[in-house]
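*Asks:* Got a structure for you, questions after.
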Amino acid sequence: MKIAIMGCGVVGSGVYEIVRDMSERLYKGCSDEISVKYILDKKNLDEEKKALQINDINIIANDPEVGVVVEAMGGINPAFDFCLKCLNSGKSVVSSNKQLVAEKGEELFEAAKKNNVSFRFGASVCGGIPVIRTLFYGLAANDISSFEGILNGTSNFILTKMIKDKMTNSAALKLAQENGYAEKDPTDDIEGYDAARKTAILCSVCFGKHIYPDEIRTEGITGISSEDVEYVDSFGAKIKLIGRGKRLENGKIYAVTAPAVIDGNDLISGVEGVFNAVKIKGNKVGEVFLYGPGAGKDATAGAVVADVLDCVRAPGFDSTYSWKNGTKNDVLKFDEYETSLYVRGYVKDKNRAVSAIRENFDEVKFLSRNNAPENEIAFLTEKKKEKDLRTAIDFIDGFTPATVIRVN
């Protein structure tokens, strides 16, 4: 079986190396050995890869020897058009591109179904952790009611440094960049967009209908301060950037990607550094916890090659490995969901503000930290619809909120 690789950056080059060096054991169940015939990329490649390099997608699309195409280009354009062309040419496509899957997955499934080929994307969420494969196959006998997870290693590294090493947010970000965990422009990671795309994919897989990133309430970690870390630590909890999806009794889906206060006894609270983790709840299995490297050349490329092997071993469209189109009414407005909130802010008159807070909430727990300024207050609310809690915050006389975080 010949394959083609579109994009030979970190992931694409990792795929090439794994296929080049694959042991006989990995070919089990395949009709023949797998080899790379083409690498589509415009940049200069090393001598070994240059012999396979092309710059015309039509060469891949029109070559009957190529059965599977790996997309590792990133972004939507031209990745979407190239994938569509390959699927319509009767070739299965494997992608690690979370943006492509999150925004165009349903269209790519339709093309795959029409041409009786596969579109697979196991590496698009959590890199080397087989969460997609587990959801589609390992938990196939379950109705999935919810998931929550740490889906972005960069933001988790920053929060870990803030929690363990008492670093400021900006200092931890700088360290992440120096270590190669964050890009020069880290916006996608620290503003939650990367994790939101992965949350959208997991919602689509878990609940069977396409949920788009722009339907998901998305908040980043830029507003999290050392003060917040201290207050949350005072009652044995930690702050993590969490992607969540939950199917409600009325059929609506609650989907949020945002910082959350996590109890210290929760397994997710102990996930540190650049690692990812996902907790899944099914009606038969109960709770499943998956943990591992969420990115990295070898881990992600290994997940891509696993999908390639599936395409070779079982050619044709697999209706299990897909979802249907959704509607804009599938997702619950985020502030209609019941939650409790951690709130920190500043007051003009502390006694007056404390009194006003007690009047505005049925239940409230005030928090403390060492060396807090006199005009700073932090507290936890009772559990209510988020919109009602936020309205109550707005009506606290003389109070200016600085941070508001949902409590898991």
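The values are calculated or read from the model by the stated rules, or taken from the named source; none is laboratory data. Quick caveat, the model's predicted, so the values are computed rather than measured. Backbone-built Cβ (ideal geometry, glycine too); neighbour counts: all protein chains shown. Surface areas here come from the heavy atoms of the whole protein model, side chains and all, with no ligands, DNA or RNA. Shrake-Rupley method; radii C 1.70, N 1.55, O 1.52, S 1.80 Å.
*Asks:* Roughly speaking, what is the stretch gain from residue 77 to residue 43, that is 0.36 nm per residue apart minus the C-alpha to C-alpha distance, in nm to one decimal?
*Replies:* 10.6 nm
*Asks:* Taking amide H positions as placed in the peptide plane 1.01 Å from N, state which residues far from residue 94 in sequence (5 or more) or on other chains have amide H under 5 Å from it.
*Replies:* Distant-sequence amide H within range of residue 94: 69, 70, 71, 120.
*Asks:* Could you pull out every one of the aspartates and glutamates with an alpha carbon less than 15 Å from that of residue 114, ignoring same-chain neighbours closer than 8 positions?
*Replies:* 106, 318
*Asks:* Can you compute log10 of I(q)/I(0) for the stretch 1-47 with the Debye formula, treating each Cα as one identical point scatterer, at q = 0.15, 0.17, 0.24, 0.28 Å⁻¹?
*Replies:* -0.41, -0.52, -0.89, -1.09
*Asks:* With the chain treated as a Gaussian network of Cα nodes joined by springs under 10 Å, which of 327, 187, 222 yields the largest mean-square fluctuation?
*Replies:* Largest GNM mean-square fluctuation: 327.
*Asks:* Which ³J(HN,Hα) values in Hz, rounded to whole numbers, follow from the phi angles of the stretch 282-296 under the Karplus curve 6.51 cos²θ - 1.76 cosθ + 1.60, where θ = phi - 60° and Gly and Pro get x?
*Replies:* After applying 6.51 cos²θ - 1.76 cosθ + 1.60, I find x, 6, 9, 7, x, 10, 10, 10, 10, 9, x, x, x, 8, x Hz.
*Asks:* If you place +1 on the Cβ of every Lys and Arg, -1 on the Cβ of every Asp and Glu, and leave all else neutral, what size is the dipole of the chain about its Cα centre, to the nearest 20 Debye?
*Replies:* 540 debye
*Asks:* OK, next. Apply the Karplus curve 6.51 cos²θ - 1.76 cosθ + 1.60, θ = phi - 60°, to the phi angles in the stretch 156-164 and return the couplings in whole Hz, x for Gly and Pro.
*Replies:* Whole-Hz 3J(HN,Hα) from phi for the stretch 156-164: 5, 4, 4, 5, 4, 5, 5, 6, 7.
*Asks:* In terms of the Cα gyration tensor, with a ≥ b ≥ c the square roots of its eigenvalues, is the stretch 299-350 rounded because a/c is under 1.5, prolate because a/b exceeds b/c, or oblate? Write down the numbers at each step before the final one.
*Replies:* Values: a/c = 6.52, a/b = 2.27, b/c = 2.87.
Judged from the Cα gyration tensor, the stretch 299-350 comes out oblate (a/c at least 1.5, b/c at or above a/b).
*Asks:* Two decimals is fine: what is log10 I(q)/I(0) at q = 0.11, 0.15, 0.16, 0.20 Å⁻¹ for the stretch 275-407, from a Debye sum with one equal scatterer on every Cα and no solvent?
*Replies:* -0.69, -0.89, -0.94, -1.16
*Asks:* Let me ask something else about it. Can you find, among 144, 90, 172, the residue sitting farthest towards the positive end of the charge dipole of the stretch 63-173, where Lys and Arg contribute +1 and Asp and Glu -1 at Cβ?
*Replies:* 172
*Asks:* Something else now. As a test of understanding, state the convex hull volume per residue of the stretch 254-339 from its alpha carbons, in Å³.
*Replies:* Each residue corresponds to 179 Å³ of Cα convex hull volume.
*Asks:* Using just the Cα positions, wrap the stretch 181-314 in a convex hull and report its mean projected area in square nanometres, one decimal place.
*Replies:* Working: hull surface 42.8 nm².
Result: 10.7 nm².
*Asks:* What is the sum of charges around residue 85, taking Lys and Arg as +1, Asp and Glu as -1, for the other residues whose C-beta is under 14 Å from the C-beta of residue 85?
*Replies:* Its environment carries a net charge of -2.
*Asks:* Given a Förster distance of 22 Å, report the FRET efficiency between residue 359 and residue 382 from their Cβ-Cβ distance, rounded to the nearest 0.05. Please list the in-between numbers first.
*Replies:* Values: r = 13 Å, r/R0 = 0.61.
Computed FRET efficiency for residue 359 and residue 382: 0.95.
*Asks:* Something else about it: With unit charges on the beta carbon (Lys/Arg positive, Asp/Glu negative), name the residue among 232, 303, 248 whose Cα is farthest towards the positive pole of the charge dipole of the stretch 229-312.
*Replies:* Among 232, 303, 248, the one farthest towards the positive end of the dipole of the stretch 229-312 is 248.
*Asks:* Please work out the Cα convex hull volume for the stretch 28-75 and give it in Å³ per residue.
*Replies:* Working: hull volume 5.5 nm³, N = 48.
Convex hull of Cα atoms, per residue: 115 Å³.
*Asks:* A follow-up question, please. Once you treat every alpha carbon in the stretch 125-190 as an equal point and sum by Debye, what is log10 I(q)/I(0) at q = 0.13 Å⁻¹?
*Replies:* Log10 I(q)/I(0), no solvent term: -0.50.
*Asks:* While we're looking at this one, here's another question. Please check: in the Gaussian network model of the chain (C-alpha springs, under 10 Å), which one of 19, 125, 364 has the largest mean-square fluctuation.
*Replies:* Looking only at 19, 125, 364, the largest GNM fluctuation is found for 364.
*Asks:* Quick one: of 50/174; 238/281; 164/198; 209/279; 2/50; 184/333, which pairs are farther than 24 Å apart, Cα to Cα?
*Replies:* Beyond 24 Å: 50/174; 164/198; 184/333.
*Asks:* Now, a different point. Would you mind estimating how fast the chain diffuses translationally, via Stokes-Einstein at 4 °C and 1.567 mPa s with the Kirkwood radius over Cα pairs, in µm²/s?
*Replies:* 57 µm²/s
*Asks:* What are the ³J(HN,Hα) values, in whole Hz, obtained from phi via the Karplus relation 6.51 cos²θ - 1.76 cosθ + 1.60 with θ = phi - 60°, for each residue of the stretch 398-406 in sequence order, with x given for Gly and Pro?
*Replies:* Along the stretch 398-406, the couplings run x, 10, 10, x, 10, 9, 10, 10, 5 Hz.
*Asks:* Another question, if that's okay. What is the angle, in °, between the Cα long axis of helix 350-360 and the longest principal axis of the Cα atoms in the chain? Nearest 10 is fine, range 0 to 90.
*Replies:* The angle comes out at about 70 degrees.
*Asks:* Okay, moving on. Along the charge dipole of the chain, pointing to its positive end and built from +1/-1 on Cβ of Lys, Arg, Asp and Glu, which listed residue (208, 403, 361) has its Cα farthest out?
*Replies:* 208
*Asks:* Give the ranking of 267, 248 by solvent-accessible surface, highest area first, calculated with a 1.4 Å probe.
*Replies:* 267, 248
*Asks:* What number comes out for accessible area per residue over the chain if the probe is 1.4 Å? Units Å², please.
*Replies:* 44 Å²
*Asks:* Right, here's the next one. Rounded to the nearest 5, what % of the DSSP beta bridges within the chain are antiparallel ones?
*Replies:* Details: 47 of 71 bridges.
Antiparallel bridges: around 65 percent, rounded to the nearest 5.
*Asks:* Can you compute the helix-only [θ] at 222 nm over the chain? Use -39500 (n - 2.57) per DSSP H run of at least 4 residues, normalise by all residues, nearest 500 deg cm²/dmol.
*Replies:* -9500 deg cm²/dmol
*Asks:* If you don't mind, there's one more thing I want to ask. Would you mind checking 161/383; 166/383; 42/297; 104/387; 284/385 for any pair whose Cα atoms are more than 22 angstrom apart?
*Replies:* Numbers: 161/383 30 Å; 166/383 30 Å; 42/297 20 Å; 104/387 32 Å; 284/385 29 Å.
From the list (161/383; 166/383; 42/297; 104/387; 284/385), the Cα-Cα distance tops 22 Å for 161/383; 166/383; 104/387; 284/385.
*Asks:* Could you let me know the centre-to-centre spacing of the stretch 302-369 and the stretch 3-61, using Cα atoms, in angstrom?
*Replies:* One Cα centre to the other: 38 Å.
*Asks:* Give the relative contact order (percent, whole number) for the chain; include only Cα pairs under 8 Å separated by 6+ residues. Walk me through the numbers on the way to the answer.
*Replies:* Numbers: 859 pairs, mean separation 70.5, N = 408.
Computed over the chain, the figure is 17 percent.
*Asks:* Quick one: ranking 254, 212 by accessible area, 1.4 Å probe, largest first, what do you get?
*Replies:* 212, 254
*Asks:* Compute, for the stretch 140-251, the length of the dipole vector about the Cα centre, with Cβ point charges of +1 (Lys, Arg) and -1 (Asp, Glu) only. Units Debye, rounded to 20.
*Replies:* That gives the stretch 140-251 a dipole magnitude of about 280 debye.
*Asks:* For a quick check of your reading of the filter: which trypsin sites (Lys or Arg not before Pro) in the stretch 275-329 sit in a DSSP loop and have no more than 15 other Cβ atoms within 10 Å?
*Replies:* 284, 328
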